[in-house]
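Working notes, beginning with the structure itself.
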Amino acid sequence: LNATEQGEVNSGYENHYYTNDAELRSDSTTIVKTDSDTVKYQYEKLVTKRDTVANVERTQTINYSVDVNENAIELNDGNPLTLSDHIKTDVTIVLSTIKLYVVEKDEYGNETGETQVTNLTGDWSISYSDDSRQLIVTVPDSTYCRLKFSVLPGMGEERYAYENTINLRGENFSQSDTTTNWHTVDTSATMVGISDAVTIKKVDKYQPSQV
């Protein structure tokens, strides 16, 4: 496939069919034989997002796991791939839970483990903007990676459907995956786990400057 056709496959959600026609000529005008061959190119899911908390459980956080490029194929000419996730206003991302992993497989293709990436340099990066509520992650091409992070559900809703979409893109393709799960939120303790991001101060009613 050329770059355009490969982009169509990687960006789509269905199988693609490509036909090649050939002619055998005895001279410039006489066609002796023609033939045609159609190839089916299987759609491959490049990014998969899962909500790892069971629907029946009461939960204080919703934990997401995102698998990227499970077959570790070259998708972007060796350049890094970009993951983007818009965090909706009904949840709060727990920044300390955002982690990247390299996933290992054995010779038979079975997953054997994952190793956390602690040195975020080169093609590895994580950034989050409070203003845009956008989580941006880059990972190397040709690598089976996993992104994990947690969010705190908003207070006031005991049972709610939480939807989240992740987008994977390279120079010639873009693909996304959405998860929507119902959760019973433990509203009595929804602030657990956010201590790294929130500082609570007690102020004297009559002397506001005294903390």
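The table for this structure:
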item: Counted residues, the stretch 132-141 - those being more than 11 Å from the chain's Cα centre (by Cα) and open to solvent by less than 50 Å² (accessible area, probe 1.4 Å); result: 2
item: Criterion (in a loop (DSSP other than H, G, I, E, B), at positive phi, open to solvent by 70 Å² or more (accessible area, probe 1.4 Å) and among the small types (Gly, Ala, Ser)) met by exactly one of Gly109, Gly122; result: Gly122
item: Near pairs, Cβ below 8 angstrom, 6+ apart or cross-chain, from the stretch 88-110 (without any contact (Cβ under 8 Å) to a residue 60 or more places away in the chain) to any residue that is aliphatic (A, V, I, L, M) and open to solvent by 40 Å² or more (accessible area, probe 1.4 Å); result: Ile98/Ile126; Leu100/Leu120; Leu100/Ile126
item: Selection count where residues are out of contact with any His (no Cβ under 7 Å at 6 or more places or on another chain) and modelled with pLDDT of 80 or more, scope the stretch 152-211; result: 21
item: Cβ pairs under 7 Å, 6+ apart, first in the stretch 160-180 and over 15 Å from Lys45 (Cα atoms) and part of a strand (DSSP E or B), second charged (D, E, K, R) and open to solvent by 50 Å² or more (accessible area, probe 1.4 Å); result: Thr180/Glu163
item: Matching residues in the stretch 66-83 - criterion: being surrounded by fewer than 16 Cβ atoms within 10 Å (Cβ to Cβ) and not in a loop (DSSP other than H, G, I, E, B); result: none
item: Positions within the stretch 142-169 being open to solvent by 20 Å² or more (accessible area, probe 1.4 Å) and over 18 Å from Val91 (Cβ atoms), in sequence order; result: Ser142, Thr143, Arg169
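The values are calculated or read from the model by the stated rules, or taken from the named source; none is laboratory data. None of the values given here were measured: they were computed from a predicted structure. Counting neighbours? That spans all protein chains shown, and the Cβs are built from the backbone with ideal geometry, glycine included. What goes into the accessible areas is simple: the full protein's heavy atoms, side chains included, and nothing from ligands, DNA or RNA. Shrake-Rupley method; radii C 1.70, N 1.55, O 1.52, S 1.80 Å.
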